[in-house]
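The values are calculated or read from the model by the stated rules, or taken from the named source; none is laboratory data. Quick caveat, the model's predicted, so the values are computed rather than measured. For accessibility, only protein heavy atoms count, side chains too; no ligands or nucleic acids. Shrake-Rupley method; radii C 1.70, N 1.55, O 1.52, S 1.80 Å.
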Amino acid sequence: MKNKVLTIMFSVIITLLLLTIKLQAVTYTSTDCTVKSEESITITVKASENMQNYDMSLTSYTGLTFTGCSANENAAVNSSTGAISFATLGSGVTTLGTYTFKAPKVTKDTTYNVVFNINGVSNTAKVTVKAKEIPPPASNS
């Protein structure tokens, strides 16, 4: 009887460890991009595995203008704050959300960071905004 209890406890511990390792194995990626001054920006956030539930929020986007977000049709999306929540009993999704921004007018190339929080994990997309080239004045020769 004592051996059965120890075997069951050992099995439960191994199962919990495997679940913990699997949960930590999910990685998140977001698209880095380069745009011209004052252009629109689209950033897509993805997971390395199908996610059956997640909570994602827009943490920081200093210097850019947030214009909205979208996600799977079954997700709860708050386009004014950039929060997305999703839960399903199905197979899940790998594309977690798409965010849109507008780049500011810049006079020199500038890089901005857009930070997302997905289930407590931080993810950063880098946005490089290129200054518009000013054509040289025409010569009078």
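General observations
- Accessible surface, per residue, of region 22-141 when the full set of protein chains is kept, probe 1.4 Å, Å²: 61
- Kirkwood's formula applied to the C-alpha pairs of region 34-110 gives a hydrodynamic radius of 13.5 angstrom.
- The 3J(HN,Hα) values that the Karplus relation (6.51, -1.76, 1.60; θ = phi - 60°) gives for region 91-101 are, in residue order, 6, x, 9, 9, 8, 8, x, 10, 10, 10, 9 Hz. Gly and Pro appear as x.
- For region 119-130, putting each phi into the Karplus relation 6.51 cos²θ - 1.76 cosθ + 1.60 with θ = phi - 60° gives couplings of 6, x, 10, 7, 9, 10, 9, 9, 10, 9, 9, 8 Hz, in residue order, rounded to whole numbers and with x for Gly and Pro.
- Portion, in percent, of the accessible area of region 38-141 that falls on carbon or sulfur, probe 1.4 Å: 48
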